[in-house]
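**Q** Just passing along the structure, written as structure tokens.
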């Protein structure tokens, strides 16, 4: 028996488990969205990060990496235990067909495991739902957690997709919006620092009440 797992988020550049083979390819009728909360890796319960999940949409494809684990049931169980702990925000698993580049009709592998989330805030407490790029970018630019900050996750995914030769326009657009937000935050910080520096060098000015000033002038 062989276990196949499809990575489309952090698993693309950091699988974190022992595997025997990996194949670049895609699955059909899914697309990436940053609609899932992360409160223990890249964010906190008070300030959740936004991370990848998949949205079902007919006619779309999602590129990523399929990992193969073989060598016995115990090895497969070990990999799955690790993945279930790591992917704990995803509340369901699905089995999908996986395709290699150049063959859109015949699956290279069937029954590939996919970690996804139910798009329902009542059923899945980690599901944030869609938002504007501006709102998502503000969250991603500022969220931090025990494993790093949210923006590193997005930028790493952007880089990983370029590395495997299949850039994701949605990821690139969101990453560019995050960079715009970060530039704005940096500019505000620079202005605040400059103002503080100027203020610290200003001479001390004694404020005299108007009625006292009038007395002084009359003398």
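**Q** Determine whether residue 44 is in a strand (DSSP E or B) and either within 15 Å of the chain's Cα centre (by Cα) or under 25 Å from residue 145 (Cα atoms) (or both).
**A** On the way: in a strand (DSSP E or B): no; either within 15 Å of the chain's Cα centre (by Cα) or under 25 Å from residue 145 (Cα atoms) (or both): yes.
So residue 44 fails the test.
**Q** Please state which one of 25, 64 is surrounded by 15 or more Cβ atoms within 10 Å (Cβ to Cβ), in contact with a helix residue (DSSP H, G or I) (Cβ under 6 Å, 6 or more places away or on another chain) and within 16 Å of residue 113 (Cα to Cα). It would help to see each step written out before you state the result.
**A** On the way: 25 fails: in contact with a helix residue (DSSP H, G or I) (Cβ under 6 Å, 6 or more places away or on another chain).
Testing whether each residue is surrounded by 15 or more Cβ atoms within 10 Å (Cβ to Cβ), in contact with a helix residue (DSSP H, G or I) (Cβ under 6 Å, 6 or more places away or on another chain) and within 16 Å of residue 113 (Cα to Cα) leaves just 64.
**Q** Then there is this: Considering only residues that are surrounded by fewer than 14 Cβ atoms within 10 Å (Cβ to Cβ), more than 18 Å from residue 31 (Cα to Cα) and either in contact with a helix residue (DSSP H, G or I) (Cβ under 8 Å, 6 or more places away or on another chain) or free of Cβ contacts under 8 Å to residues at least 40 places away in the same chain (or both), which ones fall in region 162-178?
**A** Answer for region 162-178, where residues must be surrounded by fewer than 14 Cβ atoms within 10 Å (Cβ to Cβ), more than 18 Å from residue 31 (Cα to Cα) and either in contact with a helix residue (DSSP H, G or I) (Cβ under 8 Å, 6 or more places away or on another chain) or free of Cβ contacts under 8 Å to residues at least 40 places away in the same chain (or both): just 176.
**Q** Filter region 77-99 down to the residues that are closer than 10 Å to residue 3 by Cβ and surrounded by 16 or more Cβ atoms within 10 Å (Cβ to Cβ) and list them by number.
**A** 79, 80, 83
**Q** Counting only residues that are over 21 Å from residue 177 (Cα atoms) and touching a helix residue (DSSP H, G or I) at 6+ places or on another chain (Cβ under 9 Å), which one in region 115-161 is surrounded by the most Cβ atoms within 10 Å (Cβ to Cβ)?
**A** 115
The numbers here are math on the coordinates, done by the rules we state, and not lab data. Here the structure is a predicted model, which is why all the values come from computation and not from measurement. All Cβ positions, even for glycine, are placed from backbone atoms using ideal geometry, and neighbour counts span all protein chains on display.
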